[in-house]
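**Q** Handing you a structure now.
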Amino acid sequence: MAVEYFFSDMDNTLLTSNGSITQENIEIIKKIDTPFSLVSARAPIEMDFALDLLDLKGPQVGFNGGIVFQGTGNTRNVIEKKIINFQLAKLIVESIVARFPDVSTSFYDENFWYTNEINKGIAYESSLTKQSPIVKPLSQLFEKNIDIYKIMIIIFDESVMTKVINYFTEAKFESISVQRSGKNYLEITHEDAIKENGIKCILQNKNINLENTYAFGDGHNDIPMFNIVGHAVAMANSALEVKQYADYLTDTNDNSGVGKFILKLLKNNPS
């Protein structure tokens, strides 16, 4: 069976629990000839370090499919983007901050991360991504119209997570997608910003058989990606309901599950 493309989520999939990449994963991915693209909920600025470590030059997907780009930093070229309506984003952020003051609410444009305060969730995210947000009162954050790709809500209490999800269900905001990423994250993007569409953008005009593509993931927001590729590979640390969508299971993110699966696969498919 031919192997024509690999796609991989980042957090808790390619990345370890502390946000790094194992040396085993680095060595294996750098050696393969098969194209490899990251498909992440992260902002491009939070993906750059991985692109450099893995020497990935092809197109990548950020913001859960909200942006498809190539290159890093000042050399980044945006191939496709899907942004949230600015006034709608403002309404959502202000509503969540007012109704759920104890959760961590922030948002992103292409190059920056914004929040109204540093709290437990923001500090946690900063420790993982090594990024620092711009911190201003909400009134100042929305003074100027900017392209908003993602609103991120970090919640450590499952009962509160349920209440926030129910809020979005009842509010029925149009033209957005609300996806849970891992246990503690709720991410709001444009309704077309799903990982499946990011992969479609990458593969358009390429002579690649979808049956020969593989995707690695662990979270609920990886399910659309699993549904489009030929072979879905869930990490051992994935939630049970995510594993049900997978064709294969591999080792955990902390034990180089992505690299180990690739190595075994390519050894069995030397062509």
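**Q** Residues of segment 1-36 being polar (S, T, N, Q) and in contact with a Leu (Cβ under 7 Å, 6 or more places away or on another chain), which ones?
**A** Ser8, Asn25, listed by residue number.
**Q** Still on this structure: Which of the residues that make up segment 239-271 are without any contact (Cβ under 8 Å) to a residue 60 or more places away in the chain and hydroxyl-bearing (Ser, Thr, Tyr)?
**A** Within segment 239-271, Tyr245, Tyr248, Thr250, Thr252 meet the criteria.
**Q** What number goes with the only condition from (1) open to solvent by 20 Å² or more (accessible area, probe 1.4 Å); (2) without any contact (Cβ under 8 Å) to a residue 24 or more places away in the chain; (3) not β-branched (Val, Ile, Thr) that Lys200 does not pass?
**A** Result: Lys200 fails condition (2) only.
**Q** Can you name the residue in segment 209-225 that is touching a Lys or Arg at 6+ places or on another chain (Cβ under 9 Å) and open to solvent by less than 10 Å² (accessible area, probe 1.4 Å) and is also nearest to Gly198 (Cα to Cα) among such residues?
**A** Going through the qualifying residues, I end up with Met225.
**Q** How many residues are farther than 19 Å from Glu187 by Cβ and buried (at least 19 other Cβ atoms within 10 Å of the Cβ) if we restrict to segment 58-75?
**A** Residues meeting the conditions: 1.
**Q** Now, a different point. Of the conditions (1) open to solvent by less than 10 Å² (accessible area, probe 1.4 Å); (2) on the phi < 0 side of the Ramachandran plot, Lys90 clears all except one; give me its number.
**A** Among (1) open to solvent by less than 10 Å² (accessible area, probe 1.4 Å); (2) on the phi < 0 side of the Ramachandran plot, the lone unmet condition for Lys90 is (1).
**Q** Look through Val135, Val68, Val97 and report the one residue that is in contact with a Gly (Cβ under 9 Å, 6 or more places away or on another chain) and of a type outside the set (D, E, K, R).
**A** Val68
**Q** Scanning segment 239-271 for residues that are among the small types (Gly, Ala, Ser) and at pLDDT 95 or above, which turns out most open to solvent (accessible area, probe 1.4 Å)?
**A** Checking each candidate, the answer is Ala246.
**Q** Which one of Ser17, Ser40 is crowded, with 18+ Cβ neighbours inside 10 Å and in contact (Cβ under 8 Å) with a residue 24 or more places away in the chain?
**A** Answer to the check: Ser40.
**Q** Another question about this same structure. Scan Asp33, Asp55, Asp48 and give me the residue that is open to solvent by 20 Å² or more (accessible area, probe 1.4 Å), closer than 26 Å to Ile134 by Cβ and acidic (Asp, Glu).
**A** So the residue among Asp33, Asp55, Asp48 that is open to solvent by 20 Å² or more (accessible area, probe 1.4 Å), closer than 26 Å to Ile134 by Cβ and acidic (Asp, Glu) is Asp48.
**Q** Based on what the data block shows, is Ile118 closer than 26 Å to Met10 by Cα, among the aliphatic types (A, V, I, L, M) and open to solvent by 70 Å² or more (accessible area, probe 1.4 Å)?
**A** yes
**Q** Name every residue in segment 121-155 that is open to solvent by 50 Å² or more (accessible area, probe 1.4 Å), under 21 Å from Gly62 (Cα atoms) and of a type in the set (D, E, K, R), in order of residue number.
**A** Those that are open to solvent by 50 Å² or more (accessible area, probe 1.4 Å), under 21 Å from Gly62 (Cα atoms) and of a type in the set (D, E, K, R): Lys130, Asp147.
The values are calculated or read from the model by the stated rules, or taken from the named source; none is laboratory data. Just so it is clear, the model here is predicted, and its values are computed rather than measured. Heads up, the Cβs are rebuilt from the backbone with ideal geometry, glycines too, and the neighbour counts pull from every protein chain shown. Heads up: the accessible areas ignore ligands, DNA and RNA and are worked out on the full protein's heavy atoms, side chains in. Shrake-Rupley method; radii C 1.70, N 1.55, O 1.52, S 1.80 Å.
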